[in-house]
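Only one structure is covered here, and it is reproduced in the block below.
Rule-based calculations on the coordinates, nothing more; no lab input. Quantities reported herein were computed from a predicted structural model and do not represent experimental measurements.
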Amino acid sequence: MRFLDGPAGFAWSSPFARWQGSARRCSGLELATVLTRRALADRGLSASQVDRARARWTVPQPDQFFGAPLLAGRIGAPGISGR
């Protein structure tokens, strides 16, 4: 088993939501972008400090294959790839 290593301040998760009702029209990538920007700001961190990204999906969605690099670009950390 492999364990992730990284600063605890850079770890967070969005709340679980059932993708029904009004949430069914919400893009998971857009939600991840908003939550990541908010999490960075709440912790006083800059997107320039991000050196890797990981994005996971529970429900298949468009653009999920490129999720981590797209998310990195949207938060202002272009050039970061997923692992």
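Here are a few things to note about the model shown:
- Per-residue extension of 0.36 nm, minus the Cα-Cα distance of residue 61 and residue 81, leaves a gain of 5.3 nm for this segment.
- Gain in span if fully extended, residue 35 to residue 52, counting 0.36 nm per residue against the direct Cα distance: 4.5 nm
- Overall form of the range 26-83: oblate. Here a/c, set by the Cα gyration tensor axes a ≥ b ≥ c, is 1.5 or more, and a/b is not larger than b/c.
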